[in-house]
Amino acid sequence: MRRFSWFNVTSLTFGFAFLYLPMVLLVIYSFNASKLVTVWAGFSTRWYGELLRDEQFMDAAWVTIRVALFSSTLATVLGTLAAVVMIRAGRFPGRTLFSGMIYAPLVMPEVITGLSLLLLFIGIGLDRGIFTVVLAHTTFAMCYVSVVVSSRLATFDTALEEAALDLGCSPFEAFRLVTLPIIAPAVISGWLLAFTLSLDDLVIASFTTGPSATTLPIQIFSSIRLGVSPQINALSSLLIGVVAIGVIAASLATKRRAVTQAREEQAAARVTG
Amino acid sequence: MTTAPADRPRPGPAVFAPWDEPDAVPLIQFKNVTKRFGDFTAIDDLTLDIYTREFFALLGPSGCGKTTMMRMLAGFETPTEGKILLSGQDIAPIPPNQRAVNMMFQSYALFPHLSVWENIAFGLKREGKDKDTIRARVDEMLRLTRLEKFASRKPHQISGGQRQRVALARSLAKAPKLLLLDEPLGALDKKLREETQFELMDIQEKTGTTFVIVTHDQEEAMTVASRVAVMDEGKLIQVATPPVIYEQPNSVYVADFIGDVTIFEGTVRKDGEHYRLDWAEGQPPLRVRSPASLRDGQTAYVAIRPEKVEIHHNRPDDHNVLRGKVVDIGYLGNLSTYHVELPGGRMIRAQNFNTERDTRQPFTWEDEVWVNWTETCGVLLER
């Protein structure tokens with residue numbers, strides 16, 4: 001059993017400890033009965049109860065979820081269209097510049113994106129609030145979606161679309177009935193990525209929001225400045241739980257699908273010999 | 001023009017040869033079609049007629065323009081110059097989804113998210129046919145391609161040969177005037193490919209659809225097609241029935257592309273009813289009968305197929321007799337190919353059918369032999 005040598009076990013332990021110790025500590029302390037974050041005073045779910053009664057946090061959570069839903073959906077539509085154009089348009093003058101401009105926000109510092117959006121909103125006299133946050137999040141999440149979708153489209157057999165046209169589809173029908181269902185997994189994972197990005201964005205939201213719309217990360221950040229409260233621990237534990245369940249569910253679903261497909265293909269090979 | 005399916009190319013009074021009938025109306029007409037991609041000319045001033053119920057093969061090496069011709073018929077490319085007529089109508093302005101033309105793709109392009117049944121029904125649903133009509137038509141197609149058992153399977157759950165049949169059923173479902181097949185059998189192994197060739201011919205006869213097939217496999221083209229067009233660099237080199245292409249090639253290119261051939265280059269001179277080709281110093285000239293009219297002293301070629309070359313131990317009393325040495329033997333079971341080296345290093349291939357059950361070969365390596373062929377067996381070519 002060389003695989004479990006002393007060296008391997010140690011590096012594995014340190015690696016995981018480095019990654020997960022802070023989160024484990026946070027979850028443990030969220031069940032602390034004491035009001036002081038660093039002093040353990042026995043097990044309690046008290047802070048979870050208080051969190052649910054805290055209107056500020058609940059409002060912020062609701063704002064965040066709405067922003068994430070709208071912006072990720074909008075970003076998915078725009079990002080998918082951009083990806084389709086980039087992959088399908090072929091070569092035209094300025095193509096490299098154009099595709100570079102789609103991906104530039106990926107590497108642009110968030111502070112700059114936030115600041116420029118703020119200037120734009122002030123310039124056109126748009127009242128800052130939930131709407132401007134949605135716009136801002138759409139802007140930066142869109143390029144992530146287009147990266148995910150275009151990497152799927154790059155391996156997409158264009159003959160499938162031609163076959164759809166050949167069988168009587170208009171170009172739009174071909175996209176709706178053939179392309180979209182086939183690239184759906186990539187579109188969905190683009191949507192999930194955009195949703196997560198929007199959920200935990202602090203910088204851009206701080207620049208573009210107004211007093212009426214405080215998102216959860218802003219709320220957490222501002223209350224931290226007044227000292228870490230056990231409520232924050234409870235809230236963070238909930239977020240970790242939600243994300244963990246989502247990731248595990250997604251990977252289980254993918255794995256099950258792969259297994260079923262492999263089994264079906266084997267069955268087909270047996271039948272046809 | 002409409003004839004019963006049984007009238008297709010068979011020996012007898014009703015031979016299918018509309019291209020020889022002066023008043024036959026072609027289904028497809030290419031009129032001086034040129035297609036350029038930037039600086040590259042894919043199709044070069046090409047004129048061609050294809051008739052209803054034909055099984056027409058476009059044959060050529062990759063990059064010769066055969067796929068471009070097919071894509072222009074399907075509507076995925078438009079000609080740069082010239083016109084393509086389908087039933088007398090210019091099809092340039094008609095988008096692919098409104099053409100009475102369907103295509104079977106090289107990759108099959110089956111929709112992976114739909115079942116076999118839904119794949120075949122796809123085109124019919126787009127036409128807005130009612131449910132019962134669609135059901136009846138799809139079931140008919142499943143029967144035709146023997147896929148009834150697999151109707152509810154997804155494309156990844158069936159074998160390569162079955163996928164090929166689904167692709168064929170799907171492209172035939174809308175009963176197109178013209179079916180285009182892009183290297184339809186390329187992905188199948190040899191045995192399955194041969195079976196499927198006959199299946200394709202059978203289906204073509206049953207449905208009476210005009211087929212245009214693109215292939216680089218000359219055997220496939222010869223087997224399935226009523227006429228073959230041999231292409232090179234965007235031009236048609238020869239358009240004719242398979243036997244004419246094989247026995248009366250119009251150029252060295254066609255002779256060489258189709259089947260096995262030995263080609264002698266030399267200067268030609270007329271001698272009574274036949275020509276003589278002087279091809280090497282100290283060698284007897286080759287005698288060949290030809291309807292062509294060539295100038296004396298002109299450079300010309302004689303092409304000779306290996307199965308028409310006889311091989312002997314003793315000198316036969318005939319024309320076109322050459323002495324040589326066996327350097328290679330290819331034993332294929334039904335026949336053997338001998339590579340015979342002539343004095344001066346020239347090689348000629350001779351084929352013998354193994355009609356006796358004899359495991360000893362009549363000729364072996366290093367044997368001194370005589371080869372010959374009659375004066376009607378060689379083909380005299382100008383270029």
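Just so you know, all these numbers are worked out from the coordinates, no wet-lab data involved. No experiment lies behind these values; they were computed from the predicted model shown. Positions of Cβ are generated from backbone atoms using ideal geometry, with glycine treated the same way; all protein chains shown enter the neighbour counts.
Per-structure values
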{"quantity": "Normalised per residue, the volume of the convex hull around the Cα set of the protein assembly as shown (Å³)", "calculated": "293 Å³"}
{"quantity": "Candidate lysines - alpha carbon under 30 Å from A:Lys255, same-chain residues fewer than 8 apart omitted", "calculated": "B:Lys149, B:Lys154"}
{"quantity": "Most mobile listed residue (A:Thr155, A:Thr214, A:Thr138) in chain A, GNM with C-alpha springs under 10 Å", "calculated": "A:Thr155"}
{"quantity": "Residue with peak Gaussian network fluctuation, chain B [Cα springs, cutoff 10 Å], from B:Asp44, B:Asp23, B:Asp182", "calculated": "B:Asp23"}
{"quantity": "Cα-Cα over 20 Å, subset of B:Lys35/B:Lys66; B:Lys66/B:Lys235; B:Lys270/B:Lys325; B:Lys35/B:Lys83; B:Lys131/B:Lys177", "calculated": "B:Lys270/B:Lys325; B:Lys131/B:Lys177"}
{"quantity": "Counting DSSP beta bridges with both ends in the protein assembly as shown, the antiparallel % (nearest 5)", "calculated": "75 percent"}
{"quantity": "For chain A, built as a Gaussian network whose Cα springs stay under 10 Å, the top-fluctuating residue of A:Asp59, A:Asp166, A:Asp127", "calculated": "A:Asp166"}
{"quantity": "Kyte-Doolittle mean at least -1.0 and Cα axial length at least 24 Å: DSSP H helices in chain A", "calculated": "A:6-30, A:55-88, A:130-153, A:180-200, A:230-272"}
{"quantity": "Inter-centroid distance (Cα atoms) of the range B:164-206 relative to the range A:30-72, Å", "calculated": "65 Å"}
{"quantity": "Relative contact order %, the range A:54-220, counting alpha carbon pairs below 8 Å whose residues are six or more apart", "calculated": "43 percent"}
{"quantity": "Spread of Cα-to-Cα distances over 10 Å intervals beginning at zero, given as percent, for the range A:21-90", "calculated": "17, 24, 22, 16, 13, 7, 1"}
{"quantity": "Stretchable slack from B:Asn314 to B:Asp217, in nm (0.36 nm times residue separation minus alpha-carbon distance)", "calculated": "31.1 nm"}
{"quantity": "Expected 222 nm ellipticity per residue - DSSP helices of 4 or more, -39500 (n - 2.57), all of the protein assembly as shown, to 500", "calculated": "-14500 deg cm²/dmol"}
{"quantity": "Global size of the range A:139-233 as Cα Rg and Dmax, reported in angstrom", "calculated": "20.5, 66"}
{"quantity": "Under-5 Å amide H pairs with B:Met231, H placed in peptide plane, nonlocal only", "calculated": "B:Leu59, B:Gly60, B:Ile237"}
{"quantity": "Debye intensity ratio in log₁₀ form over the Cα atoms of chain A, taken at each q of 0.08, 0.11, 0.12 Å⁻¹", "calculated": "-0.50, -0.87, -0.97"}
{"quantity": "Neighbour-count ranking [beta-carbon atoms within 10 angstrom, fewest first] of A:Glu162, B:Glu54, B:Glu21, B:Glu382", "calculated": "B:Glu21, B:Glu382, A:Glu162, B:Glu54"}
{"quantity": "Neighbour-count order for B:Lys190, B:Lys325, fewest beta carbons within 10 angstrom listed first", "calculated": "B:Lys190, B:Lys325"}
{"quantity": "Percent RCO, i.e. relative contact order, over chain B, from Cα pairs under 8 Å lying at least 6 residues apart", "calculated": "14 percent"}
{"quantity": "Relative contact order of the range B:25-253, pairs being alpha-carbon contacts under 8 Å that are 6 or more residues apart, as %", "calculated": "28 percent"}
{"quantity": "DSSP-defined beta bridges in chain B - what % are antiparallel, rounded to 5", "calculated": "75 percent"}
{"quantity": "Dipole magnitude of chain B about its Cα centre (Cβ charges: Lys, Arg +1; Asp, Glu -1), debye to nearest 20", "calculated": "1660 debye"}
{"quantity": "Cα centroid separation - the range B:299-375 against the range B:228-290, whole Å", "calculated": "19 Å"}
{"quantity": "Neighbouring partner chain Cβ atoms per residue of B:107-113, average, 10 Å criterion", "calculated": "6"}
{"quantity": "Degrees, to the nearest 10: B:160-172 long Cα axis against longest axis of chain B", "calculated": "60 degrees"}
{"quantity": "Where Rh is the Kirkwood radius over Cα pairs, Rg/Rh for the range B:324-383", "calculated": "1.02"}
{"quantity": "Shielding by partners, peptide A:152-158 (average Cβ within 10 angstrom, other chains)", "calculated": "1"}
{"quantity": "Viscosity 0.692 mPa s, temperature 37 °C, Stokes-Einstein D of the range A:4-46 from Kirkwood C-alpha radius, µm²/s", "calculated": "272 µm²/s"}
{"quantity": "Value of Rg to Rh for chain B (Rh from inverse mean 1/r over Cα pairs, i.e. Kirkwood)", "calculated": "1.04"}
{"quantity": "Extreme residue, positive dipole direction of the range B:25-253, given options B:Ala169, B:Ser152, B:Val33 (C-beta unit charges)", "calculated": "B:Ser152"}
{"quantity": "Shielding by partners, peptide B:162-173 (average Cβ within 10 angstrom, other chains)", "calculated": "1"}
{"quantity": "Which of A:Met58, B:Phe55, B:Gln204, positive extreme of dipole for the protein assembly as shown (C-beta unit charges)", "calculated": "A:Met58"}
{"quantity": "Long-range Cα-Cα pairs in the range B:260-381 (distance over 20 Å), rounded percent", "calculated": "42 percent"}
{"quantity": "Karplus 3J(HN,Hα) series, Hz, for the range B:253-269 with 6.51 cos²θ - 1.76 cosθ + 1.60 (x for Gly, Pro)", "calculated": "4, 5, 4, 6, 6, 9, x, 8, 7, 10, 10, 9, 9, x, 9, 9, 8"}
{"quantity": "Assigned charges on the beta-carbon of Lys, Arg, Asp, Glu; the protein assembly as shown dipole about Cα centre (debye)", "calculated": "2580 debye"}
{"quantity": "Estimated dipole of the range A:54-220 in Debye, rounded to 20 [Cβ of Lys and Arg +1, of Asp and Glu -1, Cα centre]", "calculated": "440 debye"}
{"quantity": "Square roots of five times the Cα gyration tensor eigenvalues for the range B:25-253, Å", "calculated": "30, 21, 16"}
{"quantity": "Sorted by Cβ density within 10 Å, fewest first, the residues B:Thr145, B:Thr52, A:Thr80, A:Thr13", "calculated": "A:Thr13, B:Thr52, B:Thr145, A:Thr80"}
